[in-house]
Amino acid sequence: MVTSTLACDMKLTMKKKETQLTQSILGCVLMLFVIQATAAQAGTAPGDIRYSREGDVETESFPPSVFQHWVHRIQYRCDACHDSLFEMKQGSTPVTMDLMKEGKVCGTCHNGELAFGATLQNCNRCHVSPVE
Ligand code: HEC
Ligand code: HEC
Ligand code: HEC
């Protein structure tokens, strides 16, 4: 941002004619747009993903899992998970405890080695009741 603004200033003082001035102002504005667009693309991960288990009577009373992007972004880049493990669309990748036990989806890491596994004392680290 700072360097590009400087570059714009220099362009402005160097050009004399009014038409050229207008052109370079337009150029600077365009440049700022491009920079902003790039920043948006590099993007930040969305916040918490709360899984849904609607209509599953058997497990209804047990809170669905939460996945917090920010906790994982401390150690991983997007491509640790996207799209090899998870699609970038909420609800698109099926996750079950059986898949996790096979070392798939969350269980790729949550296996008691890379990260805490699905043992009894850990259930409620993922299965958090929503704050009412
Ligand atoms: C540790 C794994 C992991 C990492 C790292 C990760 N994500 Fe995700 N992401 C997920 C999971 C899990 C979901 C939910 C997928 C689902 O519901 O099927 C998700 C969903 C998403 C979605 C869809 C959100 C929606 O509402 O549909 C976007 C967008 C996304 N991630 C972007 C990113 C970006 C950008 C980064 C890096 C800055 C990133 N993710 C890093 C695991 C990860
Ligand atoms: C690393 C996070 C994590 C841990 C730890 C974890 N789960 Fe899960 N669990 C999930 C995710 C993600 C799902 C799929 C979304 C949902 O249904 O909540 C799931 C699904 C479930 C389901 C729905 C049915 C099924 O099998 O998919 C039950 C029941 C369940 N978990 C129970 C448990 C119990 C009991 C423990 C502790 C022994 C546990 N979970 C530990 C993440 C976890
Ligand atoms: C690429 C590896 C990886 C994947 C995939 C992954 N996690 Fe994690 N997760 C970690 C690591 C590493 C930590 C932090 C270390 C720890 O606490 O053991 C963590 C922390 C968490 C925490 C924070 C718990 C707390 O008490 O602070 C939750 C909740 C969690 N993961 C849920 C999930 C769920 C649900 C999925 C699947 C949808 C998932 N993770 C997929 C590596 C992963």
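Given H placed on each backbone N at 1.01 Å, which residues far from VAL128 in sequence or on other chains put an amide H within less than 5 Å of it?
VAL66
Could you list which residues have their amide H under 5 Å from that of ILE49, counting only those 5 or more apart in sequence or on another chain, with H placed in the peptide plane?
PHE67, GLN68, HIS69
When ranked by the protection proxy of mean other Cβ atoms within 10 Å per residue, highest first, what sequence do the peptides 86-93, 105-112 form? Each step should come with its number before you reach the end.
Values: 86-93: 11.9, 105-112: 17.5.
Peptide ranking by packing, descending: 105-112, 86-93.
So how strong a dipole does the stretch 48-126 carry about its Cα centre when Lys and Arg Cβ are +1 and Asp and Glu Cβ are -1, to the nearest 20 debye? List each step's numbers first, then the result.
Numbers: 8 positive and 11 negative charges, 62 e Å.
Using Cβ point charges on Lys, Arg, Asp and Glu, the stretch 48-126 gives about 300 debye.
Extension gain THR93-ARG77, at 0.36 nm per residue separation less the Cα-Cα distance, in nm?
3.9 nm is the gain from fully extending THR93 to ARG77.
Whole-Hz Karplus ³J(HN,Hα) for the stretch 80-88, in order, using 6.51 cos²θ - 1.76 cosθ + 1.60 and θ = phi - 60°, x for Gly and Pro?
After applying 6.51 cos²θ - 1.76 cosθ + 1.60, I find 5, 10, 9, 9, 5, 9, 9, 5, 7 Hz.
Using the Karplus equation 6.51 cos²θ - 1.76 cosθ + 1.60 (θ = phi - 60°), what ³J(HN,Hα) coupling, rounded to whole Hz, does each residue of the stretch 121-128 give in order, writing x for Gly and Pro?
6, 10, 3, 7, 7, 9, 8, 9
First select every other residue whose beta carbon is under 13 angstrom from the beta carbon of VAL66; then total the charges, Lys and Arg +1, Asp and Glu -1.
Counting the neighbours of VAL66, the net charge comes to +2.
Along the charge dipole of the stretch 61-132, which of GLY91, GLN68, THR108 sits closest to the positive end, that is, farthest toward it, with unit charges on the beta carbon of Lys, Arg, Asp and Glu (+1, +1, -1, -1)?
GLN68
Every read-out reported here was derived from the displayed coordinates using simple, explicitly stated rules and does not represent laboratory data. Bear in mind the structure is a predicted one, so any value in this text is a computation, not a measurement. Every residue, glycine among them, receives a Cβ derived from its backbone with ideal geometry; neighbour counts consider all protein chains shown.
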